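The values are calculated or read from the model by the stated rules, or taken from the named source; none is laboratory data. Not measured: the values here are computed from a predicted model. No Cβ is skipped: glycine too gets one built from the backbone with ideal geometry, and neighbour counts run over all protein chains shown.
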Amino acid sequence: GENVEQHPSTLSVQEGDSAVIKCTYSDSASNYFPWYKQELGKGPQLIIDIRSNVGEKKDQRIAVTLNKTAKHFSLHITETQPEDSAVYFCAAITNAGKSTFGDGTTLTVKP
Amino acid sequence: NAGVTQTPKFQVLKTGQSMTLQCAQDMNHEYMSWYRQDPGMGLRLIHYSVGAGITDQGEVPNGYNVSRSTTEDFPLRLLSAAPSQTSVYFCASSYSNMGTGHNSPLHFGNGTRLTVT
């Protein structure tokens, strides 16, 4: 089955710095790669996603890159703010509907 | 627009008891799924459904049953609760995750925190 590895498990940055979270996947059938942000006591919320036919996607301060050959994808957050502090999850989803999540990264942005 | 609604928010069970976690969505989504989230771990897929009348097993299906008689509802049943099933359970739905070559984002509920003693 699919295996998704996410690194680092914790990340602490100063406000204004950039944060990068990386994920690798194993199943070539995965073709959709969303990133979720989870705040305490709430369900995960989608922040950005990328499909296998695209190499990079950007939405304001957030960007995602995908390297299909190497089977890895990354989340980039620029100009971090304290409200970016949360747990971030990557996921790899196949066309058949099976989703596999990474173990999460706890991001702390220090003011 | 309520999105994905999960009930109850909290539940305490004794070992061996059964119960049903409810999940309903009002977005006419075809795809629905159940996950459990344990400390330090990501979300693990329990069961999923690509449409009414169709269900399939995920990564950790043992001890759980599901059914999908309507598009809106996807209940998760614990037949005989065990302490190992203590977790936070999330239900999610999306417009389509299969067959079209066009996966769409998952919308999550706010979870049910289950404790089995």
**Prompt:** Has segment A:60-71 got at least one residue that is buried (at least 17 other Cβ atoms within 10 Å of the Cβ) and within 14 Å of chain B (Cβ to nearest Cβ)?
**Reply:** yes
message = A:Val64 - would you say it is within 18 Å of B:Pro105 (Cβ to Cβ) and in contact with a Leu (Cβ under 6 Å, 6 or more places away or on another chain)?
response = yes
Per the filter on segment B:69-97, residues in a loop (DSSP other than H, G, I, E, B), more than 22 Å from B:Asn28 (Cα to Cα) and among the polar types (S, T, N, Q) are B:Ser80, B:Thr86
* Residue within segment A:50-70 that is within 21 Å of B:Cys91 (Cβ to Cβ), touching a residue at least 12 places away in the same chain (Cβ under 8 Å) and within 10 Å of the chain's Cα centre (by Cα) present -> no
**Study point:** Test: residue in segment B:61-72 that is within 13 Å of chain A (Cβ to nearest Cβ) and either under 10 Å from the mean Cα position of the chain (by Cα) or among the hydroxyl-bearing types (Ser, Thr, Tyr) (or both)
**Key:** no
Only one of (1) surrounded by 13 or more Cβ atoms within 10 Å (Cβ to Cβ); (2) among the hydroxyl-bearing types (Ser, Thr, Tyr); (3) at pLDDT 95 or above; (4) farther than 26 Å from A:Asp103 by Cβ does not apply to B:Tyr35, and that is (4)
Of the residues in segment A:10-44, those that are modelled with pLDDT under 95, within 12 Å of chain B (Cβ to nearest Cβ) and surrounded by fewer than 17 Cβ atoms within 10 Å (Cβ to Cβ) come to A:Ala29, A:Glu39, A:Leu40, A:Gly41, A:Lys42
The strands (runs of 3 or more DSSP E) lying wholly within segment A:5-67 that contain at least 2 residues that are among the aromatic types (Phe, Trp, Tyr) are A:30-38
Those strands (runs of 3 or more DSSP E) completely within segment B:1-68 that have 2 or more residues that are free of Cβ contacts under 8 Å to residues at least 12 places away in the same chain and over 20 Å from A:Leu46 (Cα atoms) are B:54-57
Filtering segment A:74-111 down to residues that are within 14 Å of chain B (Cβ to nearest Cβ), in a loop (DSSP other than H, G, I, E, B) and either touching an Asp or Glu at 6+ places or on another chain (Cβ under 7 Å) or in contact (Cβ under 8 Å) with a residue 24 or more places away in the chain (or both) yields A:Asn95, A:Ala96, A:Lys98, A:Gly102, A:Asp103, A:Gly104
